[in-house]
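As structure tokens, the structure follows; a few thoughts come after it.
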Amino acid sequence: MSERHSEEFGALLRQALAHHQAGRLAEAETLYRKILQNNPCHSEALRLLGALARQRGESDAALNFLERALRSNPNSAWACFDLARLEIDRKEIDAAVPLLERAVQLQPVFPEAHHALGNAYAACWFLDKAIASYRQALAQNPGLAGMGDAIAFVERQAREVSALADQIQRAIHEPVNRTFASRLAGCALETRELFPHLLNQLGLIGTGVEVGVRKGQFSEHLLQHWQGRLLFSVDPWREFSQREYQDSANVSQANQDQLCCDTIKRLMRYAGRSVIWRMTSREAAPLVPDGSLDFCYVDADHSYEAVREDIQLWHPKVKPGGILGGHDYIADGSYSFGTFGVQSAVNEFANAHNLEPIITKEAPFRSWFVVKV
């Protein structure tokens with residue numbers, strides 16, 4: 001490109017930006033497109049058209065422009081940042097994280113990107129990374145709004161996990177002068193997403209099982225954050241009759257097969273640590289030696305009879321000091337999404353074994369955990 005053309009494009013871009021910043025989007029778009037008519041690979045014009053489309057809520061157009069901008073200039077920190085913000089809008093947090101990491105690598109002094117990266121890490125439950133990114137953003141721009149609250153929130157969650165781990169360890173090793181249940185009375189965890197962090201704090205990093213996998217999202221979360229050696233993901237992905245299994249998860253066999261394929265693809269990158277067993281809980285349990293698991297998490301058939309059976313099957317498989325838990329600790333009853341008896345089955349088991357369930361705080365679909373003694 002000649003020096004004269006470069007100056008002309010620079011002048012057009014400045015005019016377009018002035019319109020854009022003043023809210024005159026149509027005028028800005030006209031000038032951005034004029035630049036592209038002469039130089040279809042002009043990275044900044046493509047990026048700013050993408051930002052403009054995002055402002056208008058035109059997600060597909062924004063994605064097209066921003067991806068083209070990044071292809072045109074892979075070393076544009078702002079193109080990475082703007083594309084990441086669009087991915088966050090689209091609820092594609094996993095896609096946003098590497099873009100934001102690339103943005104701050106290309107341009108280390110970039111408080112907005114560090115802030116966004118902190119938010120993305122926090123959304124993905126990478127607590128230590130979130131705190132580090134927030135602190136970097138605050139160091140670069142002490143005036144960034146909400147930074148103190150964001151750091152405090154994530155630090156509180158990390159402290160909660162550490163405190164619960166300490167309380168569990170004290171309860172396990174404390175002289176038996178009061179019941180184990182009373183030693184853990186009042187314990188809680190903010191959300192099940194913190195469960196792998198708790199396992200790490202407790203040193204439970206050997207072998208685990210999730211029973212009832214469906215799309216594989218929680219297995220993926222465990223493999224992302226848990227430092228353990230091996231996770232078995234157990235699900236038959238089988239259609240049952242409504243008489244056998246009343247639940248919104250009991251979909252057609254074609255859908256079950258698709259869910260299984262999706263899970264295999266989702267967990268493929270963890271191949272060295274992930275084993276998928278396409279079988280029922282009853283079929284899988286005999287394959288696991290007693291006392292061999294650091295944890296088992298049950299999220300399968302939620303009826304009272306099924307949960308009671310799963311607890312009976314899997315509790316012996318968990319080693320002393322390990323954790324048995326599950327999902328959907330809601331009031332017993334028949335709902336539009338299925339028949340539930342989780343609370344009764346869990347409470348009955350806990351009372352019989354003098355255990356205190358640790359219940360997460362997220363409503364209504366809380367998780368429950370008991371520590372094996």
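Since every read-out is calculated from the coordinates, none of them should be taken as a lab result. Predicted, not measured: the structure shown is a model, and the values here were computed from it. In this analysis, Cβ positions are derived from the backbone assuming ideal geometry, glycine residues included, and neighbour counts consider all displayed protein chains.
Model label points for Asp128 and Ala152, set 7 angstrom from Cα along the Cα-to-Cβ axis, are 2.5 nm apart.
Here the Gaussian network model covers the chain, with springs between Cα atoms less than 10 Å apart; of His197, His20, His115, His20 fluctuates the most.
Restriction of the GluC sites (Glu not before Pro) in region 307-373 to DSSP coil positions whose beta-carbon has at most 13 other beta-carbons within 10 angstrom yields Glu362. As a length-normalised measure over Cα pairs under 8 Å and 6 or more apart, the relative contact order of the chain settles at 11 percent. Of the trypsin sites (Lys or Arg not before Pro) found in region 210-264, the ones in coil according to DSSP and having at most 13 other Cβ atoms within 10 Å of their Cβ are Arg229, Arg243. The C-alpha atoms of the chain define a longest principal axis, and helix 253-267 lies at about 70 degrees to it. Relative to the longest principal axis of the Cα atoms of the chain, the long axis of helix 304-314 makes an angle of roughly 90 degrees.
How long is the gain from Cys261 to Asn354 if the chain were fully straight, where each residue apart is worth 0.36 nm and the alpha carbon distance is subtracted? Intermediate results must be reported in sequence, preceding the final value.
Working: separation 93, 0.36 × 93 = 33.48 nm, distance 4.09 nm.
Roughly 29.4 nm would be gained on extension.
With Cα atoms defining each centre, region 267-321 and region 1-62 are spaced 56 Å apart in the structure. Roughly how tilted is helix 93-106, in degrees to the nearest 10 and between 0 and 90, from the longest Cα axis of the chain? Approximately 50 degrees, to the nearest ten. Shown here: Rg and Dmax of the Cα atoms in Å, derived from the displayed model; of the candidates [x] 20.1, 64; [y] 21.2, 69; [z] 25.7, 87, it corresponds to [z].
With the cut-off at 31 Å, tell me which of the pairs Lys34/Lys265; Lys129/Lys317; Lys215/Lys372 have Cα atoms farther apart than that.
Details: Lys34/Lys265 43 Å; Lys129/Lys317 34 Å; Lys215/Lys372 28 Å.
Pairs exceeding 31 Å: Lys34/Lys265; Lys129/Lys317.
FRET efficiency for the Val251 to Asn38 pair, using the beta carbon distance and R₀ = 45 Å, is estimated at 0.25. Springs join every pair of Cα atoms under 10 Å in this Gaussian network model of the chain, and among Ser72, Ser336, Ser133 the largest mean-square fluctuation is at Ser336. Considering only Leu49, Leu287, Leu164, the Gaussian network model of the chain with Cα springs below 10 Å gives its largest mean-square fluctuation to Leu287.
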